[in-house]
1. For region 38-61, what are the residues that are farther than 20 Å from R80 by Cβ and of a type in the set (S, T, Y)?
2. Pick out the one residue from I68, I62 that is at pLDDT below 95, surrounded by 11 or more Cβ atoms within 10 Å (Cβ to Cβ) and touching a Ser or Thr at 6+ places or on another chain (Cβ under 9 Å).
3. Can you report the number of residues in region 34-53 which are among the small types (G, A, S), farther than 13 Å from T77 by Cα and in contact (Cβ under 8 Å) with a residue 24 or more places away in the chain?
Amino acid sequence: MIEETYHRMVKVIWQDSASIDTWHDIDNCITSPSTVTTVGWEIVDNGEAMVIAGSVSNTEHIHSAMTIPAGSIIKVTYLRCADEETHE
């Protein structure tokens, strides 16, 4: 059996920049940020930023990591499974 490393599962609602990368009329500019929901494993929360990873290995390697600036975070919810099943 592989030894598991524990990180908390988290849902973060945050504001992101928005852009249009094609030529368009000035009247069609995006005038408000996008609100984004990200779910993953909390790797770092140091007051300046929160790092969320999609996957964490038993050797402490991470994949699909995103750094969200603390000033962009609207809400953080720590998730847990109500009825956890293990399949081996």
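1. Matches in region 38-61: S57, T59.
2. The match here is I62.
3. Counting residues in region 34-53 that are among the small types (G, A, S), farther than 13 Å from T77 by Cα and in contact (Cβ under 8 Å) with a residue 24 or more places away in the chain gives 1.
The values are calculated or read from the model by the stated rules, or taken from the named source; none is laboratory data. What you are looking at is a predicted structure, and each value in this text was computed from that prediction instead of being measured. Please note: Cβ atoms are built from the backbone with ideal geometry, for glycine as well, and neighbour counts cover all protein chains shown.
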